[in-house]
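Reading through the structure tokens given below for one structure.
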């Protein structure tokens, strides 16, 4: 093995920041470690559904409905439209560049190294915070389930973060169920991507069944008065709610992170992305409509709605704990899949960044038996467990949305850039309505970001500042492209890196 060391940047700073990773040919887009292609199209589609349905719908109504009132249905449509346009953009890029890394990798090929670093910061924020937020939400349903079955709940000290929430609620010591969930997902991911995909597919089918059950039962309590004063919160409320809801669509990005682990990726990726979008959008609108039909807007501002809102609705509608217990059990099982897929996505993005030399090589070391980046997976689990165990969910929702919106916008811009710079690139799937579709994607994403709170922007910009400082301190000097001077040279490795 040849130990490759970083060289001094051969280009002036300006040119280095703008340099693009060459697209050499279809079946080799990168150097270094490989991942096994053993995932099917259906399993990949279930990855997308698993990461989105449940990411928000089990508990995001408690965040979104108070902002928009009954018009939250329009917020869902706006978020779904933006996600749909973005999904088409993802489908084209995923079919043309079927590699791990998703938005980060696409940005590196289309827009250059510095933009790729910024987007890496966006998607790492997106996945890390999303997984922590979902784990916190899962904890509420877990408490609901054990109370329904055994008549007791975990003490507050072991089920609430020590940091006070935005509403000043009392705190505990640690959100232990959230930490346990993350560690269980880590153990499953360490067994391999194929094993994780099989388990996830089963969980997704349970999830869809439970949510359809909720829709049917909730509609038996339909009350048209709950839709009165539909636009009472105005378009500002609709926009703010859309920003929060958009958090729920990050699963589409998770599909693209599996580009190197699915069979026949150039066909499988577009099919999985679009299929997941159709399922997700339909389920979200149905559940939101049924929930508002059964309960007044005021209900969604209560603590019950924040902790386990859908289960509480079923309990109130039926007067029995049986159906709410079934829903809570379904949520506990299926939200597991959300954590699983979002953790998976973050590990694969880190794998891609490490393979490009922008973070230490240990993040790319793959277990030869399971074909899993072990160190990478354990590192992600520790960080996410800290977030889930010690940060309240209300601090996390909008932060996730802004990272997602930035990523979706860059994918749309990347489509337009690559159409000009690589017009002959093989594209098994092309977005309809070009260039209107990617332009609309950017406009809608910008509109939703405009509705986010100022504190969200502050957190986001501080995080990006940290990412940029890290890039100039480490990543710029260690980038793999420093060792190559032409696309032909990067086509084949000049020496494999030794495992650390």
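Of the set (1) part of a helix (DSSP H, G or I); (2) farther than 27 Å from residue 340 by Cβ; (3) touching a residue at least 12 places away in the same chain (Cβ under 8 Å), all apply to residue 235 but (3). Could you go through segment 248-271 and let me know if any residue there is closer than 30 Å to residue 317 by Cα and either surrounded by fewer than 24 Cβ atoms within 10 Å (Cβ to Cβ) or in contact with a helix residue (DSSP H, G or I) (Cβ under 8 Å, 6 or more places away or on another chain) (or both). Within segment 248-271, one or more residues are closer than 30 Å to residue 317 by Cα and either surrounded by fewer than 24 Cβ atoms within 10 Å (Cβ to Cβ) or in contact with a helix residue (DSSP H, G or I) (Cβ under 8 Å, 6 or more places away or on another chain) (or both). For residue 367, the conditions (1) modelled with pLDDT under 80; (2) in a loop (DSSP other than H, G, I, E, B) are fulfilled apart from (1).
One residue stands out among those in segment 100-132 that are under 22 Å from residue 60 (Cα atoms) and modelled with pLDDT under 80: the one that is surrounded by the most Cβ atoms within 10 Å (Cβ to Cβ), which is 130. Within segment 434-454, the set of residues being surrounded by fewer than 16 Cβ atoms within 10 Å (Cβ to Cβ), farther than 15 Å from residue 411 by Cβ and touching a helix residue (DSSP H, G or I) at 6+ places or on another chain (Cβ under 8 Å) comprises 447, 450, 453.
The values are calculated or read from the model by the stated rules, or taken from the named source; none is laboratory data. Source: prediction; values computed, not measured. No Cβ is skipped: glycine too gets one built from the backbone with ideal geometry, and neighbour counts run over all protein chains shown.
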